[in-house]
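Chemist: Okay, handing you the structure first.
Nothing in this text is a laboratory measurement; each read-out follows from the coordinates by a stated rule. The structure presented is a predicted model; accordingly, all values stated were derived computationally and were not measured. Please note: Cβ atoms are built from the backbone with ideal geometry, for glycine as well, and neighbour counts cover all protein chains shown.
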Amino acid sequence: QVQLVESGGGLVQPGESLRLSCAVSVSIFYFYSMAWYRQVPGKQRELVGMFTNGGATEYPDSVKGRFTISRDTAKNTVYLQMNSLKPEETAVYYCKGIKTGRDYWGQGTQVTVSS
């Protein structure tokens, strides 16, 4: 059974950093791509970083230079390092595994940025 489990969320102050983890129950190469999204209540999920099929990384302009997605293939874990966090980035952060014909999502982890 394929499972993705996020962890590492919490409460941080504006300008601080946080690293999220996504532990996968299978090899991360089971997916042709993996990504991190975030969602604020009442809004659509927003992409914040991804590995492409070729292993390159992509980010939206809103987080470019502050967020970094990485992976540890031996641990089957994908990470999201988030620096210089802003209050408006308070959201539930989700990990997504992309496979032809189906997407897999974790349960999400809450990140709150507040002073």
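Chemist: What ³J(HN,Hα) values, in whole Hz, does the Karplus curve 6.51 cos²θ - 1.76 cosθ + 1.60 give for the range 19-25 when θ = phi - 60°, with x put for Gly and Pro?
Modeler: 10, 9, 10, 10, 8, 10, 7
Chemist: Roughly speaking, what is the stretch gain from Ser62 to Thr100, that is 0.36 nm per residue apart minus the C-alpha to C-alpha distance, in nm to one decimal?
Modeler: 10.9 nm
Chemist: Follow-up question, since we're still on this one. In the P(r) worked out for the range 30-92, what percent of Cα pairs fall beyond 18 Å?
Modeler: When all Cα pairs of the range 30-92 are counted, 36 percent exceed 18 Å.
Chemist: What distance in nm separates the simple spin-label points at Lys75 and Gln107, each placed 7 Å from Cα in the Cβ direction?
Modeler: My value for the distance between the label points is 2.0 nm.
Chemist: Could you name the lysines whose alpha carbon sits less than 18 Å from that of Lys75, not counting residues in the same chain fewer than 8 places away?
Modeler: Lys75 reaches Lys96.
Chemist: Ok, one more. Quick one: if the Förster radius is 22 Å, what FRET efficiency do Thr52 and Ser25 give, using the C-beta to C-beta distance and rounding to 0.05?
Modeler: 0.45
Chemist: Per-residue HN-Hα couplings for the range 96-107, Karplus 6.51 cos²θ - 1.76 cosθ + 1.60 at θ = phi - 60°, whole Hz, x for Gly and Pro?
Modeler: Running phi through 6.51 cos²θ - 1.76 cosθ + 1.60 with θ = phi - 60° gives 9, x, 10, 9, 3, x, 7, 10, 10, 10, x, 8 Hz.
Chemist: Another one. Using each residue's phi in the range 108-115, evaluate 6.51 cos²θ - 1.76 cosθ + 1.60 at θ = phi - 60° and report the 3J(HN,Hα) Karplus result to the nearest Hz, with x for Gly and Pro.
Modeler: x, 9, 7, 10, 10, 10, 7, 8
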